[in-house]
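The values are calculated or read from the model by the stated rules, or taken from the named source; none is laboratory data. Nothing here was measured: the structure is a model prediction, and the numbers come from that model. Neighbour counts are summed over all protein chains in view; Cβ atoms, including those assigned to glycine, are modelled from backbone coordinates with ideal geometry.
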Amino acid sequence: MIIEKIKSTDDLNQLSNEELRTLSDELKEIIIDTVATNGGHLASNLGTIDLTIALHTVFNSPEDKIVWDVGHQSYAHKLLTGRLDSFSTIRQHKGISGFPKRSESPHDSFDTGHSSTSISAALGILEGRDQNRDSFKVVAVIGDGAMTAGLAFEGLNHAGHLKKDLIVILNDNEMSISPNVGAMSAYLRRIMIGDLYTKLKKETKHILEKIPGVGEPVLKMAQKAEDTVKGLFVPGLLFEELGFEYVGPIDGHRIDILIETLERFKDFPGPVLIHAITKKGKGYEPAEKSPGMFHGVGPFDIETGEPHSSGKTSYSAIFGNCLTELARDNKRIVAITAAMAEGTGLAEFVQKYPKRFYDVGIAEPHAVTFAAGLATEGIIPVVAIYSTFLQRSYDEIIHDVCLQQLPVIFAIDRGGIVGDDGPTHNGTFDISFLRHIPNLTVMAPKDGYELRCMLKTAVELNRPVAIRYPRGSTTDMHDNQEMKSLECGKAEVLSEGSDIVIIAIGSTVNPAAEAVKILTAEGISTCLINARFIKPLDIETIIDRAKSAKHILTVEENALAGGFGSCVLEALSQAGVTDVRLKMLGIPDIFVEQGPQNLIRQELGLDADGIAGAARTILNTR
């Protein structure tokens, strides 16, 4: 195999075009085989293999810096930069990351995982280069989806102002090149990237500027005419207005054309944007047909593309089904998401109520403020966003929703430990950054049925509400039970006991219940409280049960700093309760690394054995 002969990216320069195509096919097979076993991001990676080969052929990584936006398309990059032997461990516990990681390789110039950061980061690296009087090249690779975020345009605006030699690759995998458009694109490409065109444009401007009394008006007229013609044929006028030289669109699967274009603009003196058209899932039919399904996928059968099903129902699916059911009887309910309709379980809602569904693109802050605007008109907006991405809209939650007490419902998927995607995607901070916001009710269900009840309750509360639930499935659906409204701020006592009180929230309730069985078998009388509400907290129930036990253990799948345990401690302090011993069990002051959820929970002591052990510790402490 050619890939086995690639010891450094310099070796790519020795390969013919035919050999580069063969290398592309090899990378495709490796990525498909590995993702089918480990899970991961497939469609996006298959779409950027050819672009990655061209980038590493032209640029000298790690001296030259390539910044991958999100990084979910960097698998080929990892394979070409010394990680072939470890690639089978990608997204596995103690294995290599599914995203670029500076601690993993010098070829990974910036840690990524969230969208739309590449241009700003690359510009910062570029400015740092100039401050240090270095001379390497800097390239940002950003997808058309990531370009919908405001941060990307903030970076473009600043780059155009600084006029530095930043190269931005726009990986556009939504457009397709039809034969006619392809022919026009090829013609424009030859003109736009040709030395003659660039030289002629500069010399014409120079000559016109020298004509006394005539030069300036004629120059403006010529510029306007040029912009008008280019605006008709080239979808790059916006980027040129921001100060970029626009190149393209070019075929992102023609390695020879990509290399030619990158070579021509490698030393361009100002910011340049190269527009490459690619196809998600390229070379694997199931992924080409259903790129959304193969965006982030679990293990699957390569022959059919069918996922290996667990046979259980996910929290995301339960949420989506419930919201669709509630929307049937309440026409004021709308759903909003940020480019994650399938991931958040809203596929059925989209199908049944397309006019009441809004996908705003990768623009979480806009999603929240847009929802706030809807709420002022009597609409009930339900904003479904992963916990890790909701972090990006923190100010909007405070300023635009909670300050105005607008009835926006936040459905926070992937709250807690996510698993194989690692530290950029674990939702371990949402309790901490939400519970202190005035006017916001915060809930977390112990199972799928309780999620349904909480969603019904949220719709009825007519105030800002956040419901956080984990990634994964639940078997406790209570299918025969009708949804009921919950009393706001009221906990559920699952077992009585006089030795210790365990107060658990959300996904930790069920392992806490298993821990109670272990403790009971050891003769330890344990009270278990399912808090249900983080805010308002049912402090009366907690104090009442703590009067006899005098020992309290809180359990959460969130950072301990400012989390649920802190909430209980603060409430006890304010109530003047000082004669109890309290221990908080949760996530310490770390970023949780990748690995199976159950294994990570075991390592953190958040499984049944760990909870039982923490209870013994507090009881044995003198």
Task: SER507 vs. criteria closer than 24 Å to VAL383 by Cβ, touching a Gly at 6+ places or on another chain (Cβ under 9 Å) and of a type in the set (Ser, Thr, Tyr) - done: yes
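Rundown of residues vs (1) buried (at least 16 other Cβ atoms within 10 Å of the Cβ); (2) among the acidic types (Asp, Glu); (3) assigned to a strand (DSSP E or B), yes/no style:
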{"residue": "ILE96", "(1), (2), (3)": "yes, no, no"}
{"residue": "LYS101", "(1), (2), (3)": "yes, no, no"}
{"residue": "SER105", "(1), (2), (3)": "yes, no, no"}
{"residue": "ASP111", "(1), (2), (3)": "yes, yes, no"}
{"residue": "HIS114", "(1), (2), (3)": "yes, no, no"}
{"residue": "ILE125", "(1), (2), (3)": "yes, no, no"}
{"residue": "GLY128", "(1), (2), (3)": "no, no, no"}
{"residue": "VAL141", "(1), (2), (3)": "yes, no, yes"}
Subset of the range 395-439, residues among the aliphatic types (A, V, I, L, M), in contact with a helix residue (DSSP H, G or I) (Cβ under 7 Å, 6 or more places away or on another chain) and more than 17 Å from LEU461 (Cβ to Cβ), comes to ILE417, ILE431
Taking the range 547-559 and keeping only residues that are farther than 17 Å from VAL493 by Cβ and surrounded by 18 or more Cβ atoms within 10 Å (Cβ to Cβ), one is left with GLU556, GLU557, ASN558, ALA559
The condition of being of a type in the set (D, E, K, R) and either part of a strand (DSSP E or B) or under 26 Å from PHE433 (Cα atoms) (or both) holds, among GLU556, GLU514, only for GLU556
Within the range 28-52, restricting to residues that are closer than 25 Å to VAL418 by Cβ and among the polar types (S, T, N, Q), the one that is surrounded by the fewest Cβ atoms within 10 Å (Cβ to Cβ) is THR37
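Each row is one residue, and each column tells you yes or no for (1) without any contact (Cβ under 8 Å) to a residue 12 or more places away in the chain; (2) over 22 Å from the mean Cα position of the chain (by Cα); (3) crowded, with 18+ Cβ neighbours inside 10 Å; (4) not assigned by TED's automatic domain parsing to the domain that holds LEU374.
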| residue | (1), (2), (3), (4) |
| --- | --- |
| GLY419 | no, no, yes, no |
| PRO423 | no, no, yes, no |
| ASP430 | no, no, yes, no |
| ASN439 | no, yes, no, no |
| GLU450 | no, yes, yes, no |
In the range 391-409, residues that are of a type in the set (Val, Ile, Thr) and in a loop (DSSP other than H, G, I, E, B) total 1
Flagged in the range 255-283 as farther than 17 Å from LEU166 by Cα, assigned to a loop (DSSP other than H, G, I, E, B) and over 24 Å from the mean Cα position of the chain (by Cα), in numbering order, are GLY283
Of ASP544, ASP589, ASP579, ASP609, the only residue that is farther than 28 Å from SER103 by Cβ, among the acidic types (Asp, Glu) and at pLDDT 95 or above is ASP609
By residue number, the members of the range 274-331 that are aliphatic (A, V, I, L, M), within 11 Å of LEU42 (Cβ to Cβ) and crowded, with 16+ Cβ neighbours inside 10 Å are ALA287, MET293, VAL297
- Message: Kindly evaluate ILE2 against the criterion of being surrounded by fewer than 20 Cβ atoms within 10 Å (Cβ to Cβ), in contact with a Leu (Cβ under 8 Å, 6 or more places away or on another chain) and free of Cβ contacts under 8 Å to residues at least 40 places away in the same chain.
- Response: yes
A careful count of residues in the range 143-154 that are in a helix (DSSP H, G or I) and under 14 Å from HIS72 (Cα atoms) gives 1
Within the range 58-77, residues being under 28 Å from ALA339 (Cβ atoms), of a type in the set (Ser, Thr, Tyr) and either surrounded by fewer than 24 Cβ atoms within 10 Å (Cβ to Cβ) or touching a Phe, Trp or Tyr at 6+ places or on another chain (Cβ under 7 Å) (or both) number 1
Scanning the range 1-46 residue by residue, the ones that are over 22 Å from ASP172 (Cα atoms) and outside any helix (DSSP H, G or I) total 8
Of the listed residues (LEU80, LEU15, LEU55), the one being among the aliphatic types (A, V, I, L, M) and either surrounded by fewer than 24 Cβ atoms within 10 Å (Cβ to Cβ) or within 20 Å of the chain's Cα centre (by Cα) (or both) is LEU15
query = Is there a residue being modelled with pLDDT under 95, not acidic (Asp, Glu) and not in a loop (DSSP other than H, G, I, E, B) anywhere in the range 47-57?
reply = yes
### Query
Given the structure, is GLY506 over 32 Å from the mean Cα position of the chain (by Cα), in the same structural domain as ALA546 (by TED's automatic domain parsing) and of a type outside the set (A, V, I, L, M, F, W, C)?
no
Among residues of the range 301-340 being under 23 Å from GLY415 (Cβ atoms) and charged (D, E, K, R), the residue modelled with the lowest pLDDT is LYS312
Here the residues within the range 421-450 that are in contact with a strand residue (DSSP E or B) (Cβ under 7 Å, 6 or more places away or on another chain), closer than 30 Å to LEU42 by Cβ and part of a helix (DSSP H, G or I) are ASP430, GLY448
Taking the range 580-622 and the residues there that are in a loop (DSSP other than H, G, I, E, B) and among the aliphatic types (A, V, I, L, M), the one that is surrounded by the most Cβ atoms within 10 Å (Cβ to Cβ) would be LEU606
Pairing a residue in the range 10-21 that is free of Cβ contacts under 8 Å to residues at least 60 places away in the same chain and more than 14 Å from GLU260 (Cα to Cα) with any residue that is surrounded by 11 or more Cβ atoms within 10 Å (Cβ to Cβ) and of a type in the set (A, V, I, L, M, F, W, C), where Cβ atoms lie under 8 Å and the two sit 6 or more apart in sequence or on different chains, gives LEU15/ILE2; LEU15/LEU23; GLU19/ILE2
By residue number, the members of the range 520-546 that are crowded, with 23+ Cβ neighbours inside 10 Å and part of a helix (DSSP H, G or I) are ILE542, ALA546
Note on the range 573-611: residues under 20 Å from ILE552 (Cβ atoms) and within 22 Å of the chain's Cα centre (by Cα) are ILE587
